[in-house]
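Chemist: The following block contains the structure, expressed as structure tokens.
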Amino acid sequence: GLVDRFVFAPLARAAAPRAMQAMLDPQWLRGGAAAATLFAGLGFLLGWPTTGLLLLLAAGPLDTLGRHLAALGRRSRRDHRRWSLVRLGLSAAALLALGTHLTRAEADWSPLVLALATLAFLAAGTTHQRWVARPSRSPLWFAEVDNLIWLLIPFALTGWWTAGLAAQAGLAFATLLKLQQLSGRE
């Protein structure tokens, strides 16, 4: 994704030699990213959306550094897939927790509906890639975990959290449409 390629990957490449020298286990870094994501979801549920977002932002570089170290150490693909699924599942739970918190705070169902719509569009995109076709190359703007998290930042800064959830749902829907278009050409 866009954030991973232009923000996290350069940081991971710079930090990887030091992390390897310190003999950091990639599993610890990826586990730390999963724990930060879990605590972000708890922060959302407790009514601390800014804390939750900061934890989600911290999880991205930890996960990326762990992936880079695992690739350099030629770790198994099974470990990579497992940690990716754990982070994806916890991120989905955190999104639902944010939607739940905003629904309670605003006495409006829109945030929870938008969170569910985002997850539905992402699930439809995954299903499409599994059963119809996977594009040979995906655009960098696609709705991936870190892209969706970073998309929330300007809305969080202005206090328009529900608008941020709407933007996430819009990006997930646009991703689904582009996936369908790309697979139609192949």
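Chemist: Quick test of your reading of the structure: Asp108 fulfils all but one of (1) open to solvent by 30 Å² or more (accessible area, probe 1.4 Å); (2) over 18 Å from Val3 (Cβ atoms); (3) at pLDDT below 95; (4) part of a helix (DSSP H, G or I). Name the failing condition by number.
Modeler: Against the list (1) open to solvent by 30 Å² or more (accessible area, probe 1.4 Å); (2) over 18 Å from Val3 (Cβ atoms); (3) at pLDDT below 95; (4) part of a helix (DSSP H, G or I), Asp108 comes up short only on (4).
Chemist: Additional query: Of all residues in the stretch 91-105 being surrounded by 18 or more Cβ atoms within 10 Å (Cβ to Cβ) and among the polar types (S, T, N, Q), which is farthest from Gln27 (Cα to Cα)?
Modeler: Looking at the filtered set, the residue picked out is Thr103.
Chemist: While we're on this one: Of a type in the set (A, V, I, L, M, F, W, C), assigned to a helix (DSSP H, G or I), open to solvent by less than 60 Å² (accessible area, probe 1.4 Å) and in contact (Cβ under 8 Å) with a residue 40 or more places away in the chain: which single residue out of Leu88, Leu53 fits that description? Walk me through how you get there before you give the answer.
Modeler: Details: Leu88 fails: open to solvent by less than 60 Å² (accessible area, probe 1.4 Å).
Criteria check complete, one pass: Leu53.
Chemist: Working only within the stretch 120-166, note down all residues that are under 30 Å from Gly184 (Cβ atoms), open to solvent by 30 Å² or more (accessible area, probe 1.4 Å) and among the aliphatic types (A, V, I, L, M).
Modeler: Those that are under 30 Å from Gly184 (Cβ atoms), open to solvent by 30 Å² or more (accessible area, probe 1.4 Å) and among the aliphatic types (A, V, I, L, M): Ala120, Leu122, Ala123, Ala124, Val132, Leu140, Val145, Leu151, Ala166.
Chemist: Restricting to the stretch 125-137, count the residues that are touching a residue at least 12 places away in the same chain (Cβ under 8 Å) and either in a helix (DSSP H, G or I) or touching a helix residue (DSSP H, G or I) at 6+ places or on another chain (Cβ under 8 Å) (or both). Quick ask: steps written out before the conclusion?
Modeler: We begin by selecting, within the stretch 125-137, every residue touching a residue at least 12 places away in the same chain (Cβ under 8 Å); these are 125, 128-129, 132-136.
Still in the list and also either in a helix (DSSP H, G or I) or touching a helix residue (DSSP H, G or I) at 6+ places or on another chain (Cβ under 8 Å) (or both): 125, 128-129, 132-135.
Qualifying residue count, the stretch 125-137: 7.
Chemist: Would you point out the residue of the stretch 58-85, among those that are of a type outside the set (Lys, Arg) and not in a helix (DSSP H, G or I), that is nearest to Thr37 (Cα to Cα)?
Modeler: Filtering the stretch 58-85 down to residues of a type outside the set (Lys, Arg) leaves 58-66, 68-73, 76, 79-80, 83-85.
With not in a helix (DSSP H, G or I) added as a condition, the list becomes 73, 76.
Values: Gly73: 25, Ser76: 23 Å.
Once the filter is applied, the top-ranked residue is Ser76.
Chemist: Here's something else I'd like to know. Suppose we filter Leu122, Leu171, Leu116, Leu96 for residues that are part of a helix (DSSP H, G or I) and closer than 22 Å to Thr51 by Cβ; which single one remains? Can you show your working first?
Modeler: Values: Leu122 fails: closer than 22 Å to Thr51 by Cβ; Leu171 fails: closer than 22 Å to Thr51 by Cβ; Leu116 fails: closer than 22 Å to Thr51 by Cβ.
Exactly one of Leu122, Leu171, Leu116, Leu96 is part of a helix (DSSP H, G or I) and closer than 22 Å to Thr51 by Cβ, namely Leu96.
Chemist: Kindly list the number of the only condition in (1) under 21 Å from Arg81 (Cα atoms); (2) at pLDDT below 95 that fails for Leu38.
Modeler: The one condition Leu38 does not meet is (2).
Chemist: State the number of residues belonging to the stretch 140-169 that are more than 21 Å from Leu90 (Cα to Cα) and within 16 Å of the chain's Cα centre (by Cα).
Modeler: 2
The values are calculated or read from the model by the stated rules, or taken from the named source; none is laboratory data. Computed from a predicted model, the values in this text were never measured in an experiment. Note: ideal-geometry Cβ built from the backbone for every residue, glycine included; neighbour counts use all protein chains shown. Just the protein is used for accessible areas: all its heavy atoms, side chains included, with ligands, DNA and RNA removed. Shrake-Rupley method; radii C 1.70, N 1.55, O 1.52, S 1.80 Å.
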